[in-house]
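**Q** Structure below; questions to follow.
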Amino acid sequence: MSRLWILSVVTLSFLGAGHAGAQGCLPNCSLTASEYLVREDCSGLNAGQNCFESLADLTGVWTSIQDTPTYPNVCSGCSTGWLWSDRAPSESDPVTVDIGPGDFETMVCPENTSGALFGHVHFKGSGIEVTRVGVAAGALERNGINMRGCEGIHVSDLTAIGHTTGVLWTGKGDGVWDRVNMLAVNEGNKYISGWTDNCDEFGSSDLSYHVLHGVTSAAYLEDTFAASSPVGYSANCSKTWFDDGSIISRSDGGKPNAIGLKVHNHSSRSVEFIVAHSTIEVRIEEVSTVAGNATGLHALATGQSPLVMLKGTSIEVKAAVGESISASAVGIDGGNLADFRVKTMISVDASGTATEIVP
């Protein structure tokens, strides 16, 4: 049984009823405190503890159907959130948000169209088994975490789950991620990924920078949609160090396509992804006889070729026996393997044959 299946079942079995919002310390929260609490129930805590019962009240709401709305921010129904509009953390005045056990709405860091990037916050959960973001009124939201050009972000010890992405990062900025589960569980979308980063919608070539340690980024597709491709991790506009973690993609639907790590080029900047001491797992099971593809690492080389390095990392790709699946450890579009400087990688194909790839 794959780790992704275990994570999906455990996560979904604990989905709660969500939160009504507008509770806790509002409107009298401290504008100078260095720590704020998010709890399912703030009763019994004194006002000085600055407790919120709604993550949406604290960080805002981003409900646009499109992930890249037109500039400036025209997202219908969106709000900036008290943390950014009132408290306004800075590099010299950072904030910690302590999130207790329970299910909470999408964690948002919105774009700031009028000044410096929002950010400088440590979002600290109570453990990946007990703190989940991306759940409202008992149902999954589009994204578990939605960051739109933010800096000095640190997220630790929680699960981010959505029906499209676990974590969506758009634009520049930087983040540190420790012991975070990033899960996408399909509920009717054709494209899902545990993590996706994109350049911003204004044509900027600025990359974002991320360090991930002890992270699981996973996508699980169960429904039968044409051209469906669950992607464990999709890097499109970033420089990333991924260490001691897992990237997982699993498709149990009728359209057999799955990608573990997807790294795409940028027209003018070199996207970089370095994986160390980690695993990349791809599974396609219970599929029809429709031809499909299972790929551990998919790299797109047109334009500015990305840099991909894997050190002490395994790629395992498996498809259901007897199905018309093309299984490969590495797939290259528009270039060759040497362009990507893939080092010290061990691939295991569907037959169990292990091969060391040293370009």
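The values are calculated or read from the model by the stated rules, or taken from the named source; none is laboratory data. Note that this is a predicted model, so its numbers are computed, not measured. All Cβ positions, glycine included, derive from the backbone under ideal geometry; neighbour counts span all protein chains shown. Surface accessibility is based on the protein's heavy atoms, side chains included, excluding ligands, DNA and RNA. Shrake-Rupley method; radii C 1.70, N 1.55, O 1.52, S 1.80 Å.
**Q** Name every residue in region 152-184 that is modelled with pLDDT under 95 and more than 12 Å from the chain's Cα centre (by Cα), in order of residue number.
**A** Selection gives GLY171, LYS172, GLY173.
**Q** Select, from GLY144, GLY127, GLY166, the only residue that is of a type in the set (Gly, Ala, Ser) and over 15 Å from ALA218 (Cα atoms).
**A** GLY127 is the lone residue from the list that is of a type in the set (Gly, Ala, Ser) and over 15 Å from ALA218 (Cα atoms).
**Q** Which condition number does GLY21 fail, the rest of (1) at pLDDT below 95; (2) open to solvent by 20 Å² or more (accessible area, probe 1.4 Å) being met?
**A** In the conditions (1) at pLDDT below 95; (2) open to solvent by 20 Å² or more (accessible area, probe 1.4 Å), GLY21 misses (2) alone.
**Q** Among the numbered criteria (1) farther than 24 Å from ILE192 by Cβ; (2) modelled with pLDDT of 85 or more, which one does PRO27 miss?
**A** Going through the list (1) farther than 24 Å from ILE192 by Cβ; (2) modelled with pLDDT of 85 or more, PRO27 breaks only (2).
**Q** While we're looking at this one, here's another question. Enumerate the pairs (first residue in region 181-194 and within 14 Å of SER246 (Cβ to Cβ); second residue anywhere and outside any strand (DSSP E or B) and modelled with pLDDT of 90 or more) with beta-carbon separation below 6 Å, excluding pairs fewer than 6 apart on the same chain, so at least 6 apart or on different chains.
**A** ASN181/ILE128
**Q** Shifting gears a bit: Could you list all residues from region 125-164 that are buried (at least 24 other Cβ atoms within 10 Å of the Cβ), closer than 18 Å to THR240 by Cα and polar (S, T, N, Q)?
**A** Scanning region 125-164 gives a single hit, ASN146.
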